[in-house]
Amino acid sequence: MRQTLTRYGCCVVLGMLVGILMTNSPSRSARADEKQPTNEETIKLLKTFASEFVHITPGCGKYPCTFQMGSATGEASERPVHCVAFNHQFWIAKYEVPQNLYQAVMGTNPSRWKGPRNSVENIDFKEVTEFCRRATQLMREAKLLSQHEEIRLPSEAEWEYCCRAGTTTAYSFGDEATAEGDQGKKATRLDAYAWHTGNAAGNDPPVGALKPNPWGLYDMHGYLWEFVSDGWKDDYRCAATDGKSRRSAPAEAGDAQVVLRGGSWKDRYHKLRSSSRRAAAMSLKDDAVGFRCVKACVSGR
């Protein structure tokens, strides 16, 4: 009996030690996924990020000063159509934020669909805004931003203006997503520009794998829904007309609602229109939700 208890006791102690080691040591896959870049690698990623912004200059060149926001034939939340006039310039990223950049800035990669240049997902609104804050600080320290510039989310108006890229059609490439003979989820005309439920089974491709819109911006239609800075409103009554964010709704409460734009690989083609929008809790984390950034003067918010 004593010998049996001793063996039993040894097994318990050994089991406890193994449990502690397993708890305090990440799995092989976790270590591989979350290997931290060196400072030199982080600076390199930030330089790449800085080089991938498109300068948007409303009223100059190909960028109109105004645009019609919303859709008279879309969902009720897309109405009324209203004119937005910009009095500020900004830069918008060509791509949604990729996982390698997010990990370099935030120290972790929560994404389900792993890939260094895949868009980061499974992050909530507060994590997104914290990324913007940290990226701003790091880029200022690296002299990639001036003290008067910041990285932030686009306003909803900035996002739609950039998605439309001077067009007035349902999509930046035309009014029709489907071609003759398409049935069900199939949307042949959209396939060249967007990942949607008709041509994707997950968040597997790297950013920029398909065609850009006329302003050189990728994945504005589909791939991932994108957080913008506005609080959710059920429609555009009393919407701002200067292109800035409607900030009344985003509160500190974790379930306050914010706006998502663009549709995703989980959605059928009609959700990927330029004017399509949906509400999401600030606490939402989903493998079909990510974000892209804007660089702007702090006073231009």
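A few comments on the model shown:
- Annotation: average projected area of the stretch 158-301 is 9.4 square nanometres, based on the convex hull of Cα atoms across all directions.
- Net charge over other residues, Cβ less than 9 angstrom from the Cβ of residue 76 (K, R count +1; D, E count -1): -3
- Here the 3J(HN,Hα) profile of the stretch 176-181, calculated from phi with Karplus coefficients 6.51, -1.76 and 1.60 at θ = phi - 60°, is 10, 8, 9, 10, 4, x Hz, Gly and Pro shown as x.
- Extension gain, residue 134-residue 57: 0.36 nm per intervening residue step, less the Cα-Cα distance, totals 25.1 nm.
- Viscosity 0.890 mPa s, temperature 25 °C, Stokes-Einstein D of the stretch 49-172 from Kirkwood C-alpha radius, µm²/s: 150 µm²/s
- Values of log10 I(q)/I(0), in the order q = 0.06, 0.08, 0.09, 0.16 Å⁻¹, for the chain under a Debye, Cα-only, solvent-free model: -0.23, -0.39, -0.47, -1.33
- Helix-derived mean residue ellipticity, 222 nm - over the chain, DSSP H n ≥ 4, -39500 (n - 2.57), to 500: -8000 deg cm²/dmol
No lab work stands behind these numbers, since they all come straight from the coordinates. Not measured: the values here are computed from a predicted model. Glycine also receives a Cβ, built like all others from the backbone with ideal geometry; neighbour counts cover every protein chain displayed.
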